[in-house]
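The values are calculated or read from the model by the stated rules, or taken from the named source; none is laboratory data. Because the structure is a prediction, the values reported are computed rather than measured. Please note: Cβ atoms are built from the backbone with ideal geometry, for glycine as well, and neighbour counts cover all protein chains shown.
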Amino acid sequence: MEWTVVTVIIALVGLFAVIIPPVTKLTKSMTELTVCVKELTDDLNKLENGNKESHRRLWEHESKQDEKIGNHEQRITILEHDEAKENQK
């Protein structure tokens, strides 16, 4: 009877010795992955905010260019109209 108890204790210790190291490695890996994902999320948020600002500036510049192009088109139209009047005389 006593050998049975000793055998069970040895079996339990062996079971823990086999299970605990992989569980510890798995826990460490999950912790590292969690940290990496958080850093990646922060970097992605920074990139997104930077892109929003860049796009805002690009659209603002594009609007200014549209105004300038519109003004040039009006001036060209007036010049062409004046030239057509002079050619008719």
### Query
Does at least one position in the range 58-71 carry a residue that is within 38 Å of the chain's Cα centre (by Cα) and polar (S, T, N, Q)?
yes
### Task
Test Asn45 against the criterion of being among the polar types (S, T, N, Q) and at pLDDT below 90, and give yes or no.
no
### Query
Looking at Leu26, Leu12, which is the one that is surrounded by 10 or more Cβ atoms within 10 Å (Cβ to Cβ), modelled with pLDDT under 95 and assigned to a helix (DSSP H, G or I)?
Leu12
